[in-house]
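The values are calculated or read from the model by the stated rules, or taken from the named source; none is laboratory data. Keep in mind that this is a model prediction, so the values were computed, not measured. Heads up, the Cβs are rebuilt from the backbone with ideal geometry, glycines too, and the neighbour counts pull from every protein chain shown.
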Amino acid sequence: MAFCGVLIETAMNITFPTLMREFSLNTASIQWITTSYLLVVSIIVPIASYLQKRFTIRRLFLVANSLFIIGLLIDSFAGNFMVLILGRLIQGCGTGIALPLMYAIILTKSPADKIGFFMGIGGLVTAVAPALGPTYGGLIVGINWHLIFAILLVVMIFSLLIGSYAISADSKTEKVPFDFAGWLLIALTFASLIVGFSGFSSSFQRSLILIAIGLVALAGFVYHSNHVQHPIIHLAVMKNPAFNLHLLSYSLLQMVNVGISFILPNYLQIVDKQSSFIAGLLLFPGAALGACLAPIGGRIMENLGAKKPIITGLVLQLLAVLFLDIYAKNANTILILIMYMGTMFGMGFSFGNIMTNGLAQAEESQRSDGNTLFNSMMQFSAAFGTALVSVIITLSQKNGSHFAETTATGAQRALTVLLALTFINIISISFALRQSKNKS
């Protein structure tokens, strides 16, 4: 279920040109199909620790699966944009429960010497599934975009039946207080920042107000968490600089990954005039490469340490994004194919390893909260990355009459920003690895 939940994050990206015409919307508006989903996931994920203590794994699985099925059912028949968004919001609730549940099982049930390998498998789900999304969507949208949801609906019903049989209800539960105020503050933080930033292309003043509200809510959340007995997330783990730098690196990498997954499908269709089917196929080799390298990257870290696979992956991604940026105005399909494979090679080597090594910096008693922070920031960063590139592209599209040309300009500007973020990421993780090495 976690794979389907992450796959659907970007499966609709390939349909954006089609839906922009069908619903008469611009890029900044249509991106809410993905951003709204990611925003809800990022709001639900922080309460994962509470849910896992309060309810059995079986019950959480059944609720998450059922919510996801309801959302898919709505979108399988959605006739307008708002109904489509409603279905996406409900799907986000299901994924927000299921995704951290997967990581919690890996961290608590895996043998110590196999954690890196299984976290690599988890990295396969969270890093490669978003890359497979455009490929999956591209293969189907030519028939009818509703089928993107309908096919997954069949898969999820099968998953529900299998899970109902295979998952036992013997996990221990306990009654713990729920930090409702803390949850509201973090929800307000995420929502205000994402909505505010997404609105820069239409209302600069309103966006600044919303961002200010988000920052105030964030400060309130930090203060609240440090002054209550049972906060939604214990922030003591963030007193560790090495952990914080790993968390920053993980977030930046996710922003770049999702940003590229947003840019390339739209570039291929709008600028290169490729069909959605061809655009989806061109992204598949990169996705397949990332899928193969995710567990291999975890195994390399177990044998050689964290530095070599992480730095190698990020440098390869930097070079790939650099070439995409340089040739963005006239990139051909072969260049996009090869460079996307380069970015996914980097993701496979670095993404899961950054999280694994980051959690290793935390005390054992803090790893549950560290896991929640990583999962929350993964989803928030994905939403932020989508909003970031969509705003840049939309602003460029407004400054000209030739849609394909202005889209290419916007894509190049967005890639320049992603290139800068990748460079910052290499610096950040270098400091993090140096500190973690000193700690060991």
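Can you name every residue in the range 411-440 that is touching a residue at least 60 places away in the same chain (Cβ under 8 Å) and among the small types (Gly, Ala, Ser)?
411, 414, 428, 430, 432, 436
Any idea how many residues of the range 173-203 are of a type in the set (A, V, I, L, M) and at pLDDT below 90?
Let us first name the residues in the range 173-203 that are of a type in the set (A, V, I, L, M), namely 176, 181, 184-188, 191, 193-195.
Now drop any that are not at pLDDT below 90, which leaves 176.
Counting residues in the range 173-203 that are of a type in the set (A, V, I, L, M) and at pLDDT below 90 gives 1.
Residues in the range 143-158: is at least one buried (at least 17 other Cβ atoms within 10 Å of the Cβ), aromatic (Phe, Trp, Tyr), modelled with pLDDT of 95 or more and assigned by TED's automatic domain parsing to the domain that holds residue 381?
yes
Let me confirm something: among 394, 386, 406, which residue is in contact (Cβ under 8 Å) with a residue 24 or more places away in the chain and farther than 30 Å from residue 50 by Cβ?
394
Among the numbered criteria (1) of a type outside the set (D, E, K, R); (2) closer than 30 Å to residue 225 by Cα; (3) modelled with pLDDT of 85 or more; (4) surrounded by 23 or more Cβ atoms within 10 Å (Cβ to Cβ), which single criterion is violated by residue 362?
It is condition (4) that residue 362 fails.
Conditions (1) part of a helix (DSSP H, G or I); (2) surrounded by fewer than 16 Cβ atoms within 10 Å (Cβ to Cβ), marked per residue:
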position: 175; (1), (2): no, yes
position: 205; (1), (2): yes, yes
position: 223; (1), (2): yes, yes
position: 237; (1), (2): yes, no
position: 242; (1), (2): yes, no
position: 254; (1), (2): yes, no
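Suppose we filter 406, 416, 422 for residues that are of a type in the set (Ser, Thr, Tyr), assigned by TED's automatic domain parsing to the domain that holds residue 294 and modelled with pLDDT under 95; which single one remains?
Details: 416 fails: modelled with pLDDT under 95; 422 fails: modelled with pLDDT under 95.
After ruling out the rest, the residue left standing is 406.
Anything in the range 6-33 that is touching a Lys or Arg at 6+ places or on another chain (Cβ under 9 Å) and at pLDDT 90 or above? List them, or say none. Steps first, please.
Taking the range 6-33 first, the residues touching a Lys or Arg at 6+ places or on another chain (Cβ under 9 Å) are 8, 12, 26, 32-33.
The answer is 32, 33.
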